[in-house]
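Just so you know, all these numbers are worked out from the coordinates, no wet-lab data involved. Here the structure is a predicted model, which is why all the values come from computation and not from measurement. Cβ: placed from backbone, ideal geometry, glycine included. Neighbour counts: every protein chain shown.
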Amino acid sequence: MVCLGNICRSPLAEGLMKSKLNFTKFTVDSAGTSSGHKGEAPDKRSIAVAKKYGLDISKQKSRKLLEEDFKNFDVLYVMDQSNYNDVTALASTEEQKKKVIKILDEVFPGENLDVPDPYYGGSTGFENIYRMLDRATDVIAQKMDNHIK
Ligand code: 4NP
């Protein structure tokens, strides 16, 4: 799960995805395209909205996306078009580029929608992105479960 700072959107996506997949069969992680918040815990507003819905994401730490993530992971879900452009620019093969998917494409295929950056907004923005990511991770969990059956 990849966003810009790895403190607002992708930590929520990581927490939600981990809560829906069998951890013995899947590895879920998150990262940012920038290292501006490296080592920091998620934004307080992300921690709060996750807590409201019963998820603890407070122990996560921001890290920058690495080239080796393309080898270690089968899919790299990004939140918006800017993340998509930054992450695909790091891919070294066509196959790696195909691993990069805008997460809302899983819910609204072909509509090219973004999970908006909530950093400079209020807490309503965090509630909104939580709902979007909850829906997207439901679809992904279903898909992954079918894939391994
Ligand atoms: P995120 O949000 O990409 O969802 O973690 C942001 C976090 C920090 C900044 C921008 C977006 N920033 O400019 O520091």
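Tabulated data
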read-out	value
Relative contact order (%) - segment 2-148, alpha-carbon pairs under 8 angstrom, separation at least six	27 percent
Between segment 11-31 and segment 72-118, the Cα center-to-center distance that results, in Å	17 Å
Under the span-like rule (Cα at least 27 Å along the axis, Kyte-Doolittle mean at least -1.0), DSSP H helices of the chain	123-148
Point-charge dipole on Cβ atoms (K/R +1, D/E -1) for the chain, about Cα centre, debye to 20	500 debye
Point-to-point label distance, residue 38-residue 123, nm (Cα→Cβ direction, 7 Å offset)	3.3 nm
In range of the label at residue 74: residues from segment 89-106 whose backbone nitrogen is under 18 Å from the point 7 Å along Cα→Cβ	95-103, 106
Net charge contributed by nearby residues that have their C-beta within less than 13 Å of residue 104 (K/R +1, D/E -1)	-3
Per-selection Rg to Rh, segment 2-148 - Cα, Kirkwood hydrodynamic radius	0.93
For residue 76, distant residues with modelled amide H under 5 Å away	100, 101
